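Participant: Dumping the structure here so I can ask a few things about it.
The values are calculated or read from the model by the stated rules, or taken from the named source; none is laboratory data. A quick note: this is a predicted structure, and the numbers were derived from the prediction, not measured. Here the Cβ positions follow ideal geometry from the backbone for every residue, glycine too, while neighbour counts run over all protein chains shown. Just so you know, the surface numbers come from the protein's heavy atoms only, side chains and all, with ligands and any DNA or RNA stripped out. Shrake-Rupley method; radii C 1.70, N 1.55, O 1.52, S 1.80 Å.
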Amino acid sequence: MMKAIAAVNLADYIGKGGELLYAIKEDMRYFATVTKGKTLVMGRNTLLSLPGGTGLKGRVNVVLSRSMSEEEATVRGATVVRDVKGLFAYLSQRTISLEDTYVIGGGEIYSLLLPYCDTLYITRILREDVGDTRFPMIPMDFILTEGEVRESDGISYRFDRYDRVR
Ligand SMILES: NC(=O)c1ccc[n+]([C@@H]2O[C@H](COP(=O)([O-])OP(=O)(O)OC[C@H]3O[C@@H](n4cnc5c(N)ncnc54)[C@H](OP(=O)(O)O)[C@@H]3O)[C@@H](O)[C@H]2O)c1
């Protein structure tokens, strides 16, 4: 099974206007540590929202898109796959284990791939700001291990972890 990592507020929002809702430096560092050397799977909107609109260095970047050309994906430092089947074919062909594969968003892609994830690294931001993109409902077969409450620039958050129990 794959893993997912996301920064999600108490109202389940993850983004607004194509951008993140919060810029928490410690969370960026946490994301970099957890995903270093791993394979990242993201939607086209998320790839375009990254700095320079390119994949993250030191990681294999895979973008799900029906519209982006292979050439454009390459220029953006990513490999494009057209659907879930294409994603699994790519991972298998490159002998990349699902355990080392992280779903990094956005809303559409978390919804699409949550059924294939067994571990969720959720930075829970303890605020209720309204955005336009949400993390899907986390099914009941995940158990939550809450992190301690931290604070950065007046924003409280926790590094939570959800594990699928079945
Ligand atoms: N807080 C967080 O942790 C976090 C993380 C990531 C992103 N975000 C935020 O989330 C927002 C972006 O999320 P989003 O839902 O708008 O977009 P997204 O999930 O990043 O990308 C959506 C695109 O992915 C492609 N796609 C979706 N389903 C597909 C499928 N079954 N097969 C092939 N391609 C598929 C489509 O591209 P085509 O149209 O090209 O087919 C679709 O337009 C931004 O605000 C971003 O900042 C937040």
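Participant: Ordered by residue, what ³J(HN,Hα) values in Hz, to whole numbers, does the stretch 26-33 give under the Karplus form 6.51 cos²θ - 1.76 cosθ + 1.60, where θ = phi - 60° and Gly and Pro are x?
Facilitator: These are the phi-based 3J(HN,Hα) values: 4, 6, 4, 5, 4, 4, 5, 5 Hz.
Participant: Would you check the stretch 2-164 for Lys pairs whose C-alpha atoms are within less than 14 Å, ignoring same-chain pairs closer than 8 in sequence, and give me the count?
Facilitator: 4
Participant: Give me the Debye-computed log₁₀ of I(q)/I(0) at q = 0.10, 0.14, 0.22, 0.23 Å⁻¹ for the stretch 63-166, equal point scatterers on Cα only, no solvent, two decimals.
Facilitator: Taking Cα atoms of the stretch 63-166 as identical point scatterers yields -0.38, -0.72, -1.24, -1.29.
Participant: Shifting gears a bit: Suppose each label sits 7 Å from its Cα in the direction of the beta carbon; what would the residue 132-residue 72 distance come out to in nanometres?
Facilitator: 1.9 nm
Participant: Compute the distance from the alpha-carbon center of the stretch 1-50 to that of the stretch 113-166, in whole Å.
Facilitator: If we compute the Cα centre of each part, the gap is 11 Å.
Participant: Please give the charge dipole size of the chain, origin at the Cα centre, charges +1 on K and R Cβ atoms and -1 on D and E Cβ atoms. Round to the nearest 20 debye.
Facilitator: The dipole of the chain has a size of about 460 debye.
Participant: Something else about it: Please express the shape of the stretch 119-166 as an equivalent ellipsoid: the semi-axes are the square roots of 5 times the eigenvalues of the C-alpha gyration tensor, given largest first in whole angstrom.
Facilitator: After diagonalising the Cα gyration tensor, the semi-axes are 22, 15, 6 Å.
Participant: Given labels modelled 7 Å from the Cα in the Cβ direction, how far is it in nm from residue 148 to residue 16?
Facilitator: With each label point 7 Å from Cα toward Cβ, the separation is 3.0 nm.
Participant: I would also like to ask the following. In the chain, carbon and sulfur make up what percent of the accessible area (probe 1.4 Å)?
Facilitator: 51 percent
Participant: Give the Debye-formula value of log10 I(q)/I(0) at each listed q (0.12, 0.16, 0.18 Å⁻¹), with one equal scatterer per alpha carbon of the stretch 46-111, two decimals each.
Facilitator: For the stretch 46-111 at q = 0.12, 0.16, 0.18 Å⁻¹, log10 I(q)/I(0) is -0.28, -0.51, -0.66.
Participant: Modelling each spin label as a point 7 Å along the Cα-to-Cβ direction, I'd like the residue 33/residue 85 distance in nm, to one decimal.
Facilitator: Label at residue 33, label at residue 85, 4.1 nm between them.
Participant: Additional query: Rounded to the nearest whole Å², what accessible area per residue is found for the chain with the 1.4 Å probe?
Facilitator: Ligands and nucleic acids excluded, the result is 54 Å² per residue.
Participant: Rounded to the nearest 500, what is the chain's calculated 222 nm mean residue ellipticity when only DSSP H runs of at least 4 contribute -39500 (n - 2.57) each, over all residues?
Facilitator: It lands at -6500 deg cm²/dmol.
Participant: Quote to one decimal, in nm, the extra length available between residue 100 and residue 141 on full extension: 0.36 nm per residue of separation minus the C-alpha distance between them.
Facilitator: Full extension of this stretch gives 12.6 nm more.
Participant: Next question, about the same structure. For helix 84-93, report the angle its Cα long axis makes with the longest principal axis of the Cα atoms of the chain; keep it between 0 and 90° and round to the nearest 10°.
Facilitator: 70 degrees
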